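J.: What follows is a structure written as structure tokens; I'll ask about it next.
The values are calculated or read from the model by the stated rules, or taken from the named source; none is laboratory data. Since the structure is predicted, the reported quantities are computational estimates derived from the model, not experimental observations. Note that each Cβ is placed from the backbone with ideal geometry, even for glycine, and that neighbours are counted across all protein chains shown.
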């Protein structure tokens, strides 16, 4: 058990603000690029074979975009602001897809994005509480 507590303490301290922000920015860039790739490009890279459920891809992508800043930035408010900002970004990207050849606008994608953000926030807040509990338990001995 002590090994697990030690590992959790180390894992809690490793992510520094800059590292998390860089990871988050890369994830945002990947979502933006993936959202605005033309339909034929997605066919060429066989995206549908790897991820056949479009709504699940939206949900999981936006879950990660919300989870990273909320779970690992020291200031929860900053993390929540970044996470919630992903909802209007998802809506904007969905409207921009109308302009991309082979892509279409879908309200269902916006719903999946928003549910992903909500899920990411809830999981991140739970994770913060668990990690904090382990850290407090370890400090007490």
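J.: Which pairs turn up if I take residues in the range 54-66 that are surrounded by 16 or more Cβ atoms within 10 Å (Cβ to Cβ) and look for partners that are at pLDDT below 95 and not in a helix (DSSP H, G or I) with beta carbon separation below 7 Å, at least 6 apart in sequence or on another chain?
T.: 57/51
J.: May I pose another question? Quick one: would you say residue 125 is modelled with pLDDT of 95 or more and under 15 Å from the mean Cα position of the chain (by Cα)?
T.: yes
J.: Only one of 71, 29, 11 is within 26 Å of residue 118 (Cβ to Cβ) and at pLDDT below 90. Can you tell me which?
T.: Unique residue meeting the criteria: 11.
J.: Quick check on residue 20: is it at pLDDT 60 or above and either part of a loop (DSSP other than H, G, I, E, B) or loosely packed, with under 14 Cβ neighbours inside 10 Å (or both)?
T.: Answer is no for this residue.
J.: Give me a count of the residues in the range 71-88 that are more than 17 Å from residue 18 (Cβ to Cβ) and part of a helix (DSSP H, G or I).
T.: Within the range 71-88, residues that are more than 17 Å from residue 18 (Cβ to Cβ) and part of a helix (DSSP H, G or I) number 9.
J.: For the range 74-100, enumerate the residues that are exposed (fewer than 14 other Cβ atoms within 10 Å of the Cβ) and modelled with pLDDT of 90 or more.
T.: 77, 81, 88, 92, 95, 98, 99, listed by residue number.
J.: Taking the conditions exactly as written (touching a residue at least 40 places away in the same chain (Cβ under 8 Å), assigned to a helix (DSSP H, G or I) and farther than 21 Å from residue 38 by Cα), does residue 129 satisfy them or not?
T.: no
J.: Please go through the range 89-108 and pick out each residue that is in a helix (DSSP H, G or I) and over 18 Å from residue 26 (Cα atoms).
T.: Matches in the range 89-108: 91, 92, 94, 95, 96, 97, 98, 99, 107, 108.
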